[in-house]
Every structure is written in structure tokens, then in C-alpha cells.
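What follows is a set of notes on a single structure, which appears directly below.
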């Protein structure tokens, strides 16, 4: 499984976002430290900022930089001129999208894609084909694309309409129709909150590429979150193919660079997601945090927080006193509980300091 991080292009599509070239380049560098093999950018023909970003990243990153193009030779020429490593030609494939976007038949759309992909190959770069709204198209139409195009084919759930059971069944049926999933990719939007789950299910079928974005940044509800896909893959014993311990630091760098933030309860990146309150009945978290969490946050470069406050029970206070080298007398326990109630929530180091003074 190869991650293609599309934060650069997905975040720019979100309403009201207008990042500078410097912001985009710094974002690309953070993703490069994470070790993703592919970094997706927008179309270089869309703006001068997009062209400058692509050109600077192509000469700066170890990752291959992917330029998204319309099915025209002019768009491909712009990508080649900006030194893209990979040209990704996108066409709609569902009946409704074909009519709304291109106003042509599927065969005509494939003809346009073929000409654009040929120009990319002639330019000496790798070429990928993206089929928009693929998961609402008929299987024979998708299988036909695999038969016609000898290149990686990315299947996009463009409106986030599908759920894991459908995705698993669709890809199995596609494989039965002789589609080579080892050169398939997927991109799932998160409109139903299923993007990460859909991505993991798809990856289990043996596909080659998954598209993700830091903190799900993107239009509408965004796409599968890079950090969630990495953590879920590693937790299940898989290999996301990146520098695992750089996941949280790199994603936080991206958020700072783009002046974006996440809710404290956001999976993996949110502060509350890796915070445990030591309370009555859950004191064992002090001795074995793994019994209370899905994954060790340190494996992805995060930090576990143990906090104490008014909900900390007598057993929790006793354990704090013992750790601080104090006798857990009734008076000491009562004094510490009163202090924790007044000052909490506080983290372990400060709680231990209070215990030492109890």
C-alpha cells in the first residue's frame, strides 16, 4: 500500500482557503519527512501559485509529486513544464457525472483520457488515471477502464456515498471481472464519516495506492485522514510504508503551516484522544495504559496524557502518594484529593509534585 497524501490539493479546495506557495511548499516538506511516497498537488494550469508550488516541490522532495490534470493535452503540457513526477488524468465515469461534467459518452471520455495519458508518457513521466464517482458506476464500466488503460487506475468515491461493506463487495466483484487491483488506487470522501474505514477495507484487497489528507482537510467533509489510516494500519499489524513515529509531528507541522486546527476529540491528532482521566474505578490506567487505549500514541509520535482532578478517587490518590514516596495515610489521601479537586485537571508530573507535598 502506497499513501498518496493529497493535503495540498484537497485543502486548497475547501471553501475560503487561499494558501501561499510558501505555505504549500512547507506543507510538502513536512509530508516528505513523514515519508509518503506520493504527494498530490492541484492542476498547474489552475493558477500561478499552483505552478510555482509544483515546480518547487518537484525539485525539493524525495516523494514523487503528482499533478492532477483535466483530460486535455494542454493540462498535461502544463504539468510537464512544471516538472511533475506523475501526471494524474481525471475523468468522470458514472453516467450522472459524465453528463454533468463532460457532456459526452463514456467512450468519448476514455478517448480524451487516452490522448492525455499518451502525452504524459511521451513526456517521460508516470501517468495515472482517476475515475471520478467510480463507486456509483457499473462494474463493467470500471473493468473496461482496467482493460483499456495499462496504468494505475484510481477509483474515487467522489461524494462519499459508500460504506465499508459496499466497498469490499464492489472491489471483489471488480477483481472477479479481471480487473488488476494491484494497480488500483482509491480515494474516499468523508461525507458519511466512512472515509478511513473504507480506505482500510480497500487496502485489504491488495490495492496499490490510497489517497489521504492530514486531518481530513478538504472540500465538504474532506477525505480519509492520513494519520488515521497510518494508525489503523499499524495497529492492525500492517505496514503503511511511512516513518511511523513522524506521523503526529509531521501532521502537526502541516496544520501549523496552513494555520488549521482540529477539534480536541479528533481521532489520533486531538489532545483528548490520547488523554486518560485517572478516576475512581479506572486507577489501573496508571499501571497499564494499554488496557485503556486502541494504540500506543508514542508509536505514531504522539503523547499520552494522564490527568487528575475532582474525579480522582481514593485509590488513585493512594497510588500517587506511593509513587511520590509518601505514606498513604488517611490524612494525606484527603489532603491530596482536596488539592486535586481545586487544581485539576492536571497532568501526572504536577500531580506527583502535589503528592510529595501532601
Which count do you get for residues in the range 307-322 that are under 20 Å from residue 274 (Cβ atoms) and buried (at least 19 other Cβ atoms within 10 Å of the Cβ)? 4
Of the residues in the range 180-204, those that are over 20 Å from residue 97 (Cα atoms) and in contact with a strand residue (DSSP E or B) (Cβ under 8 Å, 6 or more places away or on another chain) come to 183, 184, 194, 195, 196, 198, 199, 202, 203
Residues of the range 323-337 being exposed (fewer than 14 other Cβ atoms within 10 Å of the Cβ) and under 17 Å from residue 279 (Cα atoms), which ones? 334
Residue within the range 276-285 that is in a helix (DSSP H, G or I), surrounded by fewer than 18 Cβ atoms within 10 Å (Cβ to Cβ) and modelled with pLDDT under 90 present: yes
Across (1) under 26 Å from residue 171 (Cα atoms); (2) modelled with pLDDT of 95 or more, residue 64 clears everything bar (1)
Of 31, 80, which residue is surrounded by fewer than 21 Cβ atoms within 10 Å (Cβ to Cβ), at pLDDT 95 or above, touching a strand residue (DSSP E or B) at 6+ places or on another chain (Cβ under 8 Å) and part of a helix (DSSP H, G or I)? 80
Could you pull out the residue among 99, 114 that is in a helix (DSSP H, G or I) and either without any contact (Cβ under 8 Å) to a residue 12 or more places away in the chain or outside the structural domain of residue 40 (by TED's automatic domain parsing) (or both)? 99
Return the total of residues in the range 126-144 being touching a helix residue (DSSP H, G or I) at 6+ places or on another chain (Cβ under 7 Å) and either part of a loop (DSSP other than H, G, I, E, B) or crowded, with 19+ Cβ neighbours inside 10 Å (or both). 8
Identify, from the list 169, 206, 238, the residue that is surrounded by fewer than 21 Cβ atoms within 10 Å (Cβ to Cβ) and touching a helix residue (DSSP H, G or I) at 6+ places or on another chain (Cβ under 7 Å). 206
Filtering the range 47-69 for residues that are more than 24 Å from the chain's Cα centre (by Cα) and in a loop (DSSP other than H, G, I, E, B) leaves a count of 1
Looking at (1) buried (at least 16 other Cβ atoms within 10 Å of the Cβ); (2) out of contact with any strand residue (DSSP E or B) (no Cβ under 8 Å at 6 or more places or on another chain); (3) within 30 Å of residue 236 (Cβ to Cβ), which is the only condition residue 296 fails? (1)
When you check residue 90 against the structure, is it touching a residue at least 24 places away in the same chain (Cβ under 8 Å) and outside any helix (DSSP H, G or I), yes or no? yes
Confirm whether residue 195 is crowded, with 19+ Cβ neighbours inside 10 Å, touching a helix residue (DSSP H, G or I) at 6+ places or on another chain (Cβ under 8 Å) and either over 30 Å from residue 83 (Cα atoms) or in contact (Cβ under 8 Å) with a residue 24 or more places away in the chain (or both). yes
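Conditions tested, residue by residue: (1) assigned by TED's automatic domain parsing to the domain that holds residue 120; (2) more than 16 Å from residue 5 (Cβ to Cβ); (3) buried (at least 22 other Cβ atoms within 10 Å of the Cβ).
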site: 39; (1), (2), (3): yes, no, yes
site: 45; (1), (2), (3): yes, yes, no
site: 50; (1), (2), (3): yes, yes, yes
site: 73; (1), (2), (3): yes, yes, no
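The values are calculated or read from the model by the stated rules, or taken from the named source; none is laboratory data. All values derive from a computational prediction rather than experimental measurement. Quick reminder, even Gly has a Cβ in these numbers, built from the backbone with ideal geometry, and neighbours come from all protein chains shown.
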